[in-house]
Amino acid sequence: MAVMRSAVLAFALSGLLQLPMAGAQQPFITVASTTSTEQSGLFKHLLPVFEKKTGIRVRVVAQGTGQALDMGRRGDADVVFVHDRVAEEKFLAEGFGVQRFEVMYNDFVLVGPKSDPAKIAGGRNIIEAYKKIAAAAAPFASRGDKSGTHAAELRLWKMAGIDPQTGKGGWYRETGSGMGPTLNTASAMNAYAFTDRGTWLSFRNRGDLVVVVEGDRQLFNQYGIMLVNPAKHPHVKKDLGQAFVDWVISAEGQKVIADYKIGTDQLFFPNAKR
Amino acid sequence: MLPLELQELTFTAGGAQIIRGISARIEAGPRSVILGPNGAGKSVLMRLCHGLLTPSSGRIVWHGAHGGKSVDMRRHQAMVFQRPVMLRRSALANVMYGLKLAGKSRSQAELRAMDVLEVVGLAQHAQRPARVLSGGEQQRLALARAWALGPDVLFLDEPTANLDPASTQDIEHIINAIHASGTKIIMTTHNLGQARRLGDEILFISNGRLMEHTPIDRFFKAPTSAEAASFIKGEIPWQ
Amino acid sequence: MNSLGEAFTAAWRLIAGFDAELAQVVGLSLQVSLTAVVIATLIGLPVGAMIAVERFRGRQALIVLLNALMGLPPVVVGLLVYLLLSRAGPLGSLGILFTPTAMVIAQAILITPIIAALSRQTLEDAWREYDEQLRSLGARRITAGMTLIWDTRFSLLTIVLAGFGRAVAEVGAVMIVGGNIDGVTRVMTTAIALETSKGDLPLALGLGIVLLTLVIVLNALAAVIREMALRRYG
């Protein structure tokens, strides 16, 4: 018994001692990014190449764009890699970012049940589709979490001249969670949902959901990357973070992004201006 | 340390008066037996003397000094309970526990503990867990644990209640040996036979009052209180 | 719906083909939660013992508070620790947000009240039995407390395991303060949450089954120890 106890204690204590040192041998940066990039599997494809080249480990904390930018504001990340141009520019204007670089884009799609209660399947006009959903009061699952996707969704409602809050509690349902959980909810409720294509392609629990609207110019989804301003947060790993930013928008980084596919589908389209 | 003087002792708990003004002077030497029916207040009186309870009024005076509160006073006393608590460790470690608290080194404690275990006939069980010993063995171990401390006064609260006759005989034998070694014995019992066998003097308690404090012979031959007389009479047929 | 069947298949595949990534996630789960439980025990047990043995003003209020804190939502603890450890927070300069250390802190905060409150109950029951005997033998409060802890060690082991179970199973706190960083702070529960997000429910449930199996094995081990010890020590 005593031996057992001390063994457990020793194990736990040794764990405690090792914890702060985990990965300390290797330089690393913390990147605040979005669930869409993490869950689509892009980082698993992208980061090992960068790490192999530079020896810099990238630790990704994946949240909604709103939360990710807040992480940058608090100084808890070195780099933010998100997709909400308006919010990103606000972040820059507040002085939390150094400079914003466009990295890549993909597109949003509207998914919905095969039964298609709003009769919008196959359409290419997202604004029209939104109007029909509201008119039919067909169930619609929204992120409701201030993420980039949520922001894009809300902009489209505005362009359609509809205040979805009037359908709140009825056909418009805010899940207040990430893209995956929202798709799970939509799948369970046979609701329409607005999602980025990357998450959709890697999403497994589709149930009856299919893509109903895609290809509208309005569905363009731009990703940007910024180094958190060391002037605001002196501990930011300026050089390592900048190295990551530079590499992502370099010819090599862009090619790695373009190479990422699920099956035959390319998920992200690099478009950095250099 | 002795004599022990009780001055107008009372004790009240939860509104009920359990000890109702007891004064007595207990001298060194004779084995004192606190006798009385169940619920008379014997155990409470003993806990007051040992300092486990604080009197509601009155004083307990040891050899002129006040109170049984301080740990130092208690170092010279020990107590064996009706249902002694066996610590979850070996018999030897149970005896060593009190000795180490009394400031003995480990090796001193072990030597002393083995000695007393030998005397109470538990030496061969020294390494066994105390809780797996029989009831009689546990009570002998409790005696050893108390005795090992070398107290001037040893309190025993119904030490043989719930024991079979053979175990009772063992215990009484050990109590006499402790007495013979010079330790003052103060014990409670409701058993007249045991009082007769072990007592030199009787403190008869009834309903929280001290009714008699007399040498053993006079108590049984000529009880002065009606309560004692009827207690003796009532109990005799079963002895 | 055949998800449950798929889940068990997935769980079996995970266990049978114990790959390095899973091993790392499981290892980190154990490391973080065991460390947290050791810290919580080192703090919670003495606190529980103190409350069990001492009588002081506000004791009852403290017991009520501890019992209430047993139901502390992990997300709230996570948020508090996050705000403390964030660069913009009071302990930001430590730079330990999004590390296993932060997860240990959050879990330790979460389960210390559990260990303190439950051990208080156990020790107080024991104290009722031991009080007079220990005082008679001349034990002072601290010694008495330690004796109680040692003598109830097998019951306390169950309590510690309950704390461990809570720590290893919670997701809210470690998700926030750890960030679920692949290879750094990803543990069983956050991995499950991630797979759920990806809609890979069988894999998520499979991971859940692996986690459950681990907890069951640990508890069975403790039960065996306890049983053997009770038979031996009475």
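Listed by position, the helices (runs of 4 or more DSSP H) enclosed by region C:1-86 that each have at least 2 residues that are of a type in the set (Gly, Ala, Ser) and over 30 Å from residue C:202 (Cβ atoms) are C:20-53, C:59-69. Applying the selection to region B:173-212, what residues are farther than 27 Å from residue B:150 by Cα and among the aliphatic types (A, V, I, L, M)? Those that are farther than 27 Å from residue B:150 by Cα and among the aliphatic types (A, V, I, L, M): B:192, B:205, B:210, B:211.
The sole residue among C:222, C:229, C:173, C:193 that is in contact with a Ser or Thr (Cβ under 8 Å, 6 or more places away or on another chain) and among the hydrophobic types (A, V, I, L, M, F, W, C) is C:222.
All conditions but one from (1) more than 23 Å from residue A:41 (Cβ to Cβ); (2) surrounded by 22 or more Cβ atoms within 10 Å (Cβ to Cβ) apply to residue A:182; the one that does not is (1).
The combined condition, being assigned to a loop (DSSP other than H, G, I, E, B), away from every other protein chain (no Cβ under 14 Å) and either at pLDDT below 95 or farther than 27 Å from residue A:48 by Cα (or both), is not fulfilled by residue A:207.
Here is a yes/no grid of residues against (1) assigned by TED's automatic domain parsing to the domain that holds residue A:179; (2) surrounded by fewer than 20 Cβ atoms within 10 Å (Cβ to Cβ); (3) within 30 Å of residue C:84 (Cα to Cα):
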residue	(1), (2), (3)
A:52	no, yes, no
A:62	no, no, yes
A:66	no, yes, yes
A:69	no, no, yes
A:78	no, no, yes
A:81	no, no, yes
A:96	no, no, yes
A:101	no, yes, no
A:114	yes, yes, no
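Would you please name the residue that is farthest from the other protein chains (Cβ to nearest Cβ), looking only at residues in region C:46-62 that are among the hydrophobic types (A, V, I, L, M, F, W, C) and in contact with a Gly (Cβ under 9 Å, 6 or more places away or on another chain)? The extreme case among them is C:50. Residue pairs whose Cβ atoms lie under 9 Å apart, sitting 6 or more positions apart in sequence or on different chains, and linking a residue in region B:114-134 that is of a type in the set (Ser, Thr, Tyr) to a partner that is surrounded by 18 or more Cβ atoms within 10 Å (Cβ to Cβ), are B:134/B:167.
One residue is enough: does region A:248-267 have a residue meeting the conditions part of a strand (DSSP E or B), in the same structural domain as residue A:84 (by TED's automatic domain parsing), without any contact (Cβ under 8 Å) to a residue 60 or more places away in the chain and within 19 Å of the chain's Cα centre (by Cα)? Full working, then the answer.
In the first step, residues of region A:248-267 are kept if they are part of a strand (DSSP E or B); the result is A:261-262, A:265-266.
Among the residues that remain, those that are also in the same structural domain as residue A:84 (by TED's automatic domain parsing) are: A:261-262, A:265-266.
Narrowing further to those that are without any contact (Cβ under 8 Å) to a residue 60 or more places away in the chain: A:261, A:266.
Checking which are within 19 Å of the chain's Cα centre (by Cα) leaves us with A:261, A:266.
Checked against the condition, which is being part of a strand (DSSP E or B), in the same structural domain as residue A:84 (by TED's automatic domain parsing), without any contact (Cβ under 8 Å) to a residue 60 or more places away in the chain and within 19 Å of the chain's Cα centre (by Cα), region A:248-267 yields at least one hit.
Residues of region B:88-99 that are farther than 17 Å from residue B:154 by Cβ and either small (Gly, Ala, Ser) or modelled with pLDDT under 95 (or both): B:88, B:89, B:90, B:91, B:93. Number of residues in region C:176-207 that are within 11 Å of another protein chain (Cβ to nearest Cβ) and in a loop (DSSP other than H, G, I, E, B) equals 11. Checking the stated criteria, residue A:146 turns out not to satisfy the condition of being within 26 Å of the chain's Cα centre (by Cα), farther than 21 Å from residue A:210 by Cα and not in a loop (DSSP other than H, G, I, E, B). Keeping to region C:114-149, report how many residues are more than 10 Å from chain B (Cβ to nearest Cβ) and among the basic types (Lys, Arg). Of the residues in region C:114-149, 3 are more than 10 Å from chain B (Cβ to nearest Cβ) and among the basic types (Lys, Arg). Does residue C:90 satisfy being touching a Leu at 6+ places or on another chain (Cβ under 7 Å) and either within 30 Å of residue A:32 (Cβ to Cβ) or in a loop (DSSP other than H, G, I, E, B) (or both)? Yes.
Out of region C:33-58, which residues are small (Gly, Ala, Ser), touching a residue at least 24 places away in the same chain (Cβ under 8 Å), closer than 23 Å to residue C:131 by Cα and out of contact with any Phe, Trp or Tyr (no Cβ under 6 Å at 6 or more places or on another chain)? C:44, C:48, C:49, listed by residue number.
A quick yes/no check of all residues on (1) within 14 Å of chain C (Cβ to nearest Cβ); (2) under 19 Å from residue A:60 (Cβ atoms); (3) of a type outside the set (A, V, I, L, M):
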{"site": "A:183", "(1), (2), (3)": "yes, no, no"}
{"site": "A:215", "(1), (2), (3)": "no, no, yes"}
{"site": "A:219", "(1), (2), (3)": "no, no, no"}
{"site": "A:227", "(1), (2), (3)": "no, yes, no"}
{"site": "A:236", "(1), (2), (3)": "yes, yes, no"}
{"site": "A:251", "(1), (2), (3)": "no, no, no"}
{"site": "A:257", "(1), (2), (3)": "no, yes, no"}
{"site": "A:262", "(1), (2), (3)": "yes, yes, no"}
{"site": "A:271", "(1), (2), (3)": "no, no, yes"}
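Pick out, from region A:1-113, the helices (runs of 4 or more DSSP H) lying fully within it that include 2 or more residues that are modelled with pLDDT under 90, more than 9 Å from chain C (Cβ to nearest Cβ) and in contact with a strand residue (DSSP E or B) (Cβ under 8 Å, 6 or more places away or on another chain).
Values: elements: A:2-18, A:35-39, A:42-54, A:65-74, A:85-93.
Helices (runs of 4 or more DSSP H) meeting the threshold: A:35-39.
Screening residue B:155 against (1) in a strand (DSSP E or B); (2) over 23 Å from residue B:7 (Cα atoms) leaves a single unmet condition, (2). For region C:7-45, residues that are over 20 Å from the mean Cα position of the chain (by Cα), within 14 Å of another protein chain (Cβ to nearest Cβ) and buried (at least 16 other Cβ atoms within 10 Å of the Cβ) total 2.
Take the residues in region B:82-121 that are within 10 Å of chain C (Cβ to nearest Cβ), assigned to a helix (DSSP H, G or I) and more than 20 Å from the chain's Cα centre (by Cα), then tell me which one is nearest to residue C:131 (Cα to Cα). Filtering region B:82-121 for residues that are within 10 Å of chain C (Cβ to nearest Cβ), assigned to a helix (DSSP H, G or I) and more than 20 Å from the chain's Cα centre (by Cα), the one nearest to residue C:131 (Cα to Cα) comes out as B:101. The residue list A:127, A:133 contains one member that is among the β-branched types (Val, Ile, Thr), more than 22 Å from residue A:248 (Cα to Cα) and surrounded by 19 or more Cβ atoms within 10 Å (Cβ to Cβ), which is A:133.
For (1) buried (at least 19 other Cβ atoms within 10 Å of the Cβ); (2) over 14 Å from the mean Cα position of the chain (by Cα), each residue gets a yes or a no:
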residue: A:188; (1), (2): no, yes
residue: A:198; (1), (2): yes, no
residue: A:207; (1), (2): no, yes
residue: A:213; (1), (2): yes, yes
residue: A:228; (1), (2): yes, yes
residue: A:235; (1), (2): no, yes
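Residues that are out of contact with any helix residue (DSSP H, G or I) (no Cβ under 7 Å at 6 or more places or on another chain) and either crowded, with 23+ Cβ neighbours inside 10 Å or of a type in the set (D, E, K, R) (or both) within region B:33-46 comprise B:40, B:41, B:42, B:45, listed in sequence order.
The values are calculated or read from the model by the stated rules, or taken from the named source; none is laboratory data. Predicted model, so just to flag it, every value in this text is computed and none were measured. No Cβ is skipped: glycine too gets one built from the backbone with ideal geometry, and neighbour counts run over all protein chains shown.
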